[in-house]
Structure formats: C-alpha cells, structure tokens
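J.: Just passing along the structure, written as structure tokens.
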C-alpha cells in the first residue's frame, strides 16, 4: 500500500502533464491518509474505506457531465452490496508471487478477502485511521466465486488479504470449510493476530485440515515496552504460547516484525534475534523482517504518543512518512548494514542470512557472539511466498 502510493506520485505528475483536464481520483487506505498530498499533486477526488459505491457514482457523474458527488463523511462506513471482482485485463496469475510448498513444489498464487478493515487499533497500522476499529465481512458466495474465477486461471494457492482473518472467526471458518469442500486441492494462507491465535485456538486444527499452508502473524517485537507503545494486545509470553499452539496444531507460523524502532538498542536487537532462534523460527522469518524500520505515515496513531512525539521529525513527501532518528546513531547504522546485507544476499538461505546478521549484531553491540543452535525443522518443510509480505 505504502509503496504503491509512492510509485503513484510520479505517475500522477506525468498524467497531469499529458492530460491536464483529466479528472484524477485516488482511492484506498493510503489515498485517504495522503489526501492533502494527492490534492496538491492535482487529484480532484480522494476516496477511502469501502470506496466502490462512491467510485461508481463518480464515474457515472463524469460520463454524464453532472457535478461529481460528494463522498460520504469520514465517520461513516457503508455496508456495500459486494460483487465478484472482475479481474479481466489484469496480468495473468503467473506474473505475481509463487508459493513454494512443503514438498518443494511451486504453486501459482491468487488473492481474495473474506473481510475488510480491522476491529483492533494497533497504533502503527495504517488501517486504523481509516477504518477506526471497524470491519466488514464479504459474503461467502462472493469470496468463493472470486476464488473460483482465479482457479480457472491456474491459481493453486490463495492469499487471504484480510488484515486479520479472525476478526470474524465464525465467518472465517465457514469460508475455509466451504473452500476445502469446493476445491480440496487448493491451499491458502491467512494473517491472524497473536491474541486471536490464542483466543480462537480451537479453530487452528480446522485451518490445518482445510489446506492452510501457513499463518502470518504481526508479532512486531519481543520487547513488552515496544508492544505496549504499538498497542499490539499481546506480550512476549503470548508470542511463545502462540508459537506452541500453532506447532501443536501442525500449522506453520510466519511472524513479521518491526525490528528497528526508536526504542531498539544494540543489546535489545541481539535479544530479538536470540528470541527468534530460541523459538526455532529462524527458517520461518523472511530476512527482510530483520531489517524493517518503523514507518510513521500521515495519520498514524503513533504520532500522538508522547514517546513518538519526542523523536519524530518533519513529514518527508518523498518517503510519505515522518522522519525519525534514533538517539543512538549506532542503531541507525546497524539497520542500514542489515538491510544492505539482506539486499546483497537475495538468493542465500534464510538461515545463512540470519547467521550473518547474528554475527554482525553482536559485533556492533560488542557482545560475546554465542554459536547459533541448529534448527530442528528442515527449511523445505516451511512453505513460503517468493515475494515476502511486509507492511
């Protein structure tokens, strides 16, 4: 979402130069967050959550030459009559990500959503300022029809893009049960919060039995102070319990992180790596997750937190985020080294990259570097997408 908006900026400028009279409309989560910037660039309309009805009304008005309608108030969230997405004209599924499954085979990947928005209010999440703790479920027949169309195009794995698949757990479970009945050879992956993995642990076996290849969970940090600032709703102890619950159920858990924050220290980064190793997650973590730096987009709820206000700088229109520098420049330097290392070793194994970062981090922290324990899970047993997910 964030990268797509950044890429749109030069495109908008180009369109304005080629066709100054064209009506430009930005829609989606980051469109609403960056409304001021988009309008400065020449956008005439900006639509946010549940935009389809407003977008259709705008298109009709422009076609008929009538004044464009005013979008609904920001506080409202419509209940749309969902339609099956029309994906004709898009690049074929083979142009997108591929799943490498537990057997070492590859599967063409598709995408759908069983729900939109999120009932939670994690402070760093870009969904929160737009949906404000609300979500909408997509009717099961719409979800299955969308998946069916993609299966006909060769898709053999579906990524559910719901911000949290268990926002409506009963609905979610019915979706995957119907999916497995209709397409028994199809696999899928979902994103679920740590607290939901624990609260709805009784459903984990159903995910396994209906073809769930892996579960992504935004763990973010093992530092309870950082987790409190982010308002994640879980603790480091909860993370360990969620990992254990997934393993007991036979599910692969793929955690994501915000590895570098204003509260990260050289020592805490080493502890973060140690926690990943101790939980035997080294091969389950995409290397980019070891390098991600906290993003502060326009509208972020974190901007009102006192500990963020102390470090935040000016809004960077090129990065579409507020700048911040760590109080300890060595931490920023380490982050730069880690992300460069990840970029230089794109074809290396996750464990090999982790081991290099492990050594580097301990060297920069001037700490004894203990040997890294061997993994108990073979890398081939962990399914993964060849385009890692991250915010």
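J.: Could you please find all residues in segment 47-74 being free of Cβ contacts under 8 Å to residues at least 24 places away in the same chain and not in a helix (DSSP H, G or I)?
T.: Answer for segment 47-74, where residues must be free of Cβ contacts under 8 Å to residues at least 24 places away in the same chain and not in a helix (DSSP H, G or I): 65, 66, 67, 69, 70, 72, 73.
J.: Is it true that residue 86 is in contact with a strand residue (DSSP E or B) (Cβ under 7 Å, 6 or more places away or on another chain), at pLDDT 90 or above and outside any strand (DSSP E or B)?
T.: So residue 86 does not fit the description; no.
J.: Would you check which residues across segment 106-154 are on the phi > 0 side of the Ramachandran plot and within 18 Å of the chain's Cα centre (by Cα) and list them?
T.: 117, 132, 133
J.: Right, next: State all residues of segment 123-132 that are in contact with a helix residue (DSSP H, G or I) (Cβ under 7 Å, 6 or more places away or on another chain) and within 23 Å of residue 27 (Cβ to Cβ); if no residue qualifies, say none.
T.: Result: 124, 126, 127, 128, 129, 130.
J.: Among the residues of segment 362-391, what is the count of those that are at pLDDT below 85 and closer than 30 Å to residue 187 by Cα?
T.: So the count comes out to 13.
J.: Given the conditions (1) crowded, with 16+ Cβ neighbours inside 10 Å; (2) more than 30 Å from residue 373 (Cα to Cα), and given that residue 356 satisfies all but one, which numbered condition is not satisfied?
T.: (2)
Here is a yes/no grid of residues against (1) closer than 30 Å to residue 305 by Cα; (2) not assigned by TED's automatic domain parsing to the domain that holds residue 211:
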{"residue": "60", "(1), (2)": "no, yes"}
{"residue": "84", "(1), (2)": "no, yes"}
{"residue": "92", "(1), (2)": "no, yes"}
{"residue": "102", "(1), (2)": "no, no"}
{"residue": "112", "(1), (2)": "no, no"}
{"residue": "117", "(1), (2)": "yes, no"}
{"residue": "121", "(1), (2)": "yes, no"}
{"residue": "128", "(1), (2)": "yes, no"}
{"residue": "132", "(1), (2)": "yes, no"}
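J.: Sticking with this one: Looking only at residues that are part of a loop (DSSP other than H, G, I, E, B) and in contact with a helix residue (DSSP H, G or I) (Cβ under 8 Å, 6 or more places away or on another chain) in segment 36-46, which one is farthest from residue 118 (Cα to Cα)?
T.: Result: 42.
J.: Any chance you could count how many residues in segment 14-35 are exposed (fewer than 12 other Cβ atoms within 10 Å of the Cβ) and part of a helix (DSSP H, G or I)?
T.: 3
The values are calculated or read from the model by the stated rules, or taken from the named source; none is laboratory data. This is a predicted model, so every value here is computed, not measured. A quick note on method: Cβ atoms are made from the backbone with ideal geometry, for glycine too, and the neighbour counts reach across all protein chains shown.
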